[in-house]
Amino acid sequence: METWDAIRSRRDVREFAERAIVPADLDRILEAGRRAPSSRNIQAWDFVVVTERARLAELSRVWRGAGQVASSAATVALVAPVTEDENARRFVWFDLGQAAVSMMLAAADLGIGSGHAAVADEELARRILGYPEDRFCAFLIPLGYPAGRGLAPIRRPDRRPFDDVVHRERW
Ligand SMILES: Cc1cc2nc3c(=O)[nH]c(=O)nc-3n(C[C@H](O)[C@H](O)[C@H](O)COP(=O)(O)O)c2cc1C
């Protein structure tokens, strides 16, 4: 897919087909995250990738809006350091967002759907994924081929109008 088509095709997928993602494709998606830019190139992220069905089912219980994790072919957990420093925290979240969207676009490029799932029960996530006490799981990216219609450029995205969002020169 062309980059522009991948950008226009990405949407949050919440129902996945049973089809597996081949390891090379999954690694490409993870590599896209690894290559993402970060504040001072600090790369304060780790990606825990889960493909075992039973573990995915358990992981889907970390938040009531994370049910789609259970049917995903793989889910990437974005794990970052816990910090009391408000400034550092802001940058970590920004950087995680960049890594997330890089992975989602790399997935869309392969025709693979992705979604977001927040984490409410941090302790459950920690028990399932085994990351250390000084880290937290910011969110989950379930991945898989869409169960229904495949990814294709969306003509009318559910977004605020262009001229409402874009301010030229000044607000
Ligand atoms: C930080 C963040 C957290 C999100 N958490 C969830 C979630 O827990 N469960 C869910 O189903 N969607 C979640 N979403 C997905 C948003 O609802 C979705 O991106 C938005 O509705 C736009 O969807 P679209 O790109 O398919 O139009 C989250 C998105 C972001 C950016």
For this session: Tally the residues that are in contact with a strand residue (DSSP E or B) (Cβ under 6 Å, 6 or more places away or on another chain), within 12 Å of the ligand (Cβ to nearest atom) and either among the aliphatic types (A, V, I, L, M) or open to solvent by 10 Å² or more (accessible area, probe 1.4 Å) (or both), restricting the search to region 104-115.
Result: 1
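Right, E84: outside any helix (DSSP H, G or I), open to solvent by 30 Å² or more (accessible area, probe 1.4 Å) and more than 16 Å from the ligand (Cβ to nearest atom) or not? Give the derivation first.
Working: outside any helix (DSSP H, G or I): yes; open to solvent by 30 Å² or more (accessible area, probe 1.4 Å): yes; more than 16 Å from the ligand (Cβ to nearest atom): yes.
Taking the combined requirement at face value, the residue satisfies it.
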Exercise. Of the residues that sit in region 28-55 and are closer than 11 Å to L140 by Cα and in contact (Cβ under 8 Å) with a residue 60 or more places away in the chain, which one is surrounded by the fewest Cβ atoms within 10 Å (Cβ to Cβ)?
Worked result: V48
Problem set entry | Residue identified as open to solvent by less than 10 Å² (accessible area, probe 1.4 Å) and either at pLDDT 95 or above or within 11 Å of the ligand (Cβ to nearest atom) (or both) among V101, V62 | V62
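Among the residues that make up region 158-165, is at least one of them of a type outside the set (A, V, I, L, M, F, W, C), free of Cβ contacts under 8 Å to residues at least 60 places away in the same chain and under 23 Å from L30 (Cα atoms)? Please lay out each step first, then the result.
The initial filter retains those residues of region 158-165 that are of a type outside the set (A, V, I, L, M, F, W, C), namely 158-161, 163-164.
Checking the rest, the ones that are also free of Cβ contacts under 8 Å to residues at least 60 places away in the same chain come to 158-161, 163-164.
Next cut, under 23 Å from L30 (Cα atoms) only: none.
Checked region 158-165: no residue is of a type outside the set (A, V, I, L, M, F, W, C), free of Cβ contacts under 8 Å to residues at least 60 places away in the same chain and under 23 Å from L30 (Cα atoms).
Might you check whether a residue that is within 9 Å of the ligand (Cβ to nearest atom) and either open to solvent by 10 Å² or more (accessible area, probe 1.4 Å) or closer than 28 Å to V22 by Cα (or both) occurs anywhere in region 68-81? Walk me through it before giving the result.
Just the residues of region 68-81 that are within 9 Å of the ligand (Cβ to nearest atom), to begin with: 68.
Within this subset, residues satisfying the condition of being either open to solvent by 10 Å² or more (accessible area, probe 1.4 Å) or closer than 28 Å to V22 by Cα (or both) are 68.
The answer is yes; a qualifying residue exists.
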For this session: Any residue in region 94-120 that's closer than 16 Å to L26 by Cα: show its pairings with residues that are among the acidic types (D, E) at Cβ separation under 7 Å, as long as the two are six or more apart or on different chains.
Result: L110/D25; I112/D25; G115/D12
Exercise. Of the residues in region 149-171, how many are within 23 Å of D12 (Cα to Cα) and either in contact with a Gly (Cβ under 8 Å, 6 or more places away or on another chain) or open to solvent by 100 Å² or more (accessible area, probe 1.4 Å) (or both)?
Worked result: 9
For this session: Check whether at least one residue in region 136-153 is touching a Pro at 6+ places or on another chain (Cβ under 6 Å) and assigned to a strand (DSSP E or B), and report yes or no.
Result: no
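Quick check on region 11-27: of everything there that is surrounded by 14 or more Cβ atoms within 10 Å (Cβ to Cβ) and either assigned to a loop (DSSP other than H, G, I, E, B) or basic (K, R) (or both), which residue is farthest from the chain's Cα centre (by Cα)?
Here is the first cut: in region 11-27, the ones surrounded by 14 or more Cβ atoms within 10 Å (Cβ to Cβ) are 11, 13-17, 21, 25-26.
Checking which are either assigned to a loop (DSSP other than H, G, I, E, B) or basic (K, R) (or both) leaves us with 11, 13-15, 17, 21.
Numbers: R11: 11, V13: 11, R14: 12, E15: 15, A17: 18, I21: 15 Å.
Within region 11-27, the match that is farthest from the chain's Cα centre (by Cα) is A17.
Kindly evaluate I7 against the criterion of being at pLDDT 95 or above, open to solvent by 30 Å² or more (accessible area, probe 1.4 Å) and within 16 Å of the ligand (Cβ to nearest atom). Give the steps one after another, and end with the answer.
Working: at pLDDT 95 or above: yes; open to solvent by 30 Å² or more (accessible area, probe 1.4 Å): yes; within 16 Å of the ligand (Cβ to nearest atom): yes.
Taking the combined requirement at face value, the residue satisfies it.
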For this session: Out of A57, A77, report the one residue that is modelled with pLDDT of 95 or more and either touching a Gly at 6+ places or on another chain (Cβ under 7 Å) or assigned to a strand (DSSP E or B) (or both).
Result: A77
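The values are calculated or read from the model by the stated rules, or taken from the named source; none is laboratory data. Nothing here was measured: the structure is a model prediction, and the numbers come from that model. We place every Cβ from the backbone using ideal geometry, glycine too, and count neighbours over all the protein chains shown. The protein model used for the area step is the full one, side chains on, heavy atoms only, and it has no ligands, DNA or RNA in it. Shrake-Rupley method; radii C 1.70, N 1.55, O 1.52, S 1.80 Å.
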